[in-house]
1. Counting only C-alpha contacts under 8 Å and six or more residues apart, can you give the relative contact order of the chain as a whole percent?
2. Please give the charge dipole size of segment 130-295, origin at the Cα centre, charges +1 on K and R Cβ atoms and -1 on D and E Cβ atoms. Round to the nearest 20 debye.
3. Summing -39500 (n - 2.57) over the DSSP H runs of n ≥ 4 in the chain and dividing by its residue number, what mean residue ellipticity at 222 nm do you reach, to the nearest 500 deg cm²/dmol?
4. If you average the alpha carbon positions of segment 197-244 and of segment 85-109, how far apart do those two centres end up, in angstrom?
5. Between R112 and A75, what is the label-point separation in nm under the 7 Å Cα-to-beta-carbon projection?
6. Under the definition of Cα pairs under 8 Å and six or more residues apart, what whole-number percent is the relative contact order of segment 241-296?
7. To the nearest 0.05, how large is the calculated FRET efficiency for D85 and R47 if R₀ is 30 Å and r is the Cβ-Cβ distance?
8. Sort F58, F134 from largest to smallest accessible area, using a 1.4 Å probe on the heavy atoms of the protein chains.
Amino acid sequence: MVDTPARPSWTTPLPQLPTPAGPDVAALHRRAGGENFTVASLLLPPRFRRRLMSIYAFARLVDDIGDEAPGDRNALLDKVERDIDRIYAGYVATDELWADLTVTVHECGIPRTPLDRLVQANRRDQQIKRYRSFDDLLGYCELSANPVGHLVLHVFDAMSSERAALSDKVCSALQVLEHLQDVAEDYRNDRIYLPADDLDRFGVKEEDLAATKANREVRALIAFETQRTLRLLDEGAALVGTLSGVARLAVAGYVAGGRATAAAIVNARFDVLTTTPRPRKSRTIAELARSLGGGR
Ligand SMILES: CC(C)=CCC/C(C)=C/CC/C(C)=C/COP(=O)(O)OP(=O)(O)O
């Protein structure tokens, strides 16, 4: 967990002064190591890595407020929105996270909509703990995951409406796969992202998700969601073929991370309750080769 973010100090464009007030950016970056966002970024030139990490740190900060911050989370998200206002009003922050994000926004001409949407996703998390249908869940992904893809496309100067549509499929699939990995943890936090319609259809009761081992019904449900999500990922993987150079490498890495995660869920025989299935590095590398080669 990060410290509750103190409001960064902002200044008009002047030399930046260090301030201890901001969130622990190094800790946010360290946590990036284990997550799909950075699978490929280790291979990228520093300029792109720096930009991606600034976006990652922002997304992580907003997510941590939404998931873990003590106190009034909506008020903290209000503050984040005011800090986004400042970026677009031409101010320069004096703490690292906001200063880095400001540079990325201006270097890449990033519009504010995806940043705002990530904030909205976390507002929604404060109110909505269950989803009725898969479409409802995809509606949530439009706020929580798809904006990340748009930010990444801007970082690589590769944004177009066609690519954004493919990117949305990849990002939604990555988000749902993460939900499938985290069923047990989410349930402990009174959140169920598995669509209620599907629980009913497979005869799964909410309490079944509290068990330390998945029963047959839960495994059938997870198998169904994994298969459906892999299809979505495969459709979106066409994005890789529209890109070249470092953008192609990065996006192939994200697709590979998703495929390797799905493989880990399959290898766990869809029991996501006993342990959290984690992708093997060797599988991720094999999937990277496949995704890069245009394999869908
Ligand atoms: C162009 C392109 C396709 C880029 C892909 C970018 C990418 C890695 C998107 C992932 C989106 C995602 C799963 C966000 C939630 O992660 P989280 O760790 O915040 O999830 P949590 O809310 O469950 O913790």
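The values are calculated or read from the model by the stated rules, or taken from the named source; none is laboratory data. Every value quoted in this text rests on a predicted model; they were computed, and no experiment measured them. Glycine gets a Cβ as well: all are built from the backbone with ideal geometry, and neighbour counts include every protein chain shown. What goes into the accessible areas is simple: the full protein's heavy atoms, side chains included, and nothing from ligands, DNA or RNA. Shrake-Rupley method; radii C 1.70, N 1.55, O 1.52, S 1.80 Å.
1. Values: 414 pairs, mean separation 51.5, N = 296.
Relative contact order of the chain: 17 percent.
2. Details: 21 positive and 23 negative charges, 155 e Å.
That gives a dipole near 740 debye.
3. Numbers: 14 runs with 189 residues, N = 296.
The helix-only estimate for the chain comes to -20500 deg cm²/dmol at 222 nm.
4. Their Cα centres are 38 Å away from one another.
5. With each label placed 7 Å out from Cα toward Cβ, I get 2.3 nm.
6. On the way: 44 pairs, mean separation 24.3, N = 56.
Answer for segment 241-296 is 43 percent.
7. Numbers: r = 27 Å, r/R0 = 0.89.
For R0 = 30 Å, the calculated efficiency reads 0.65.
8. Numbers: F58 0, F134 30 Å².
In descending accessible area the options line up as F134, F58.
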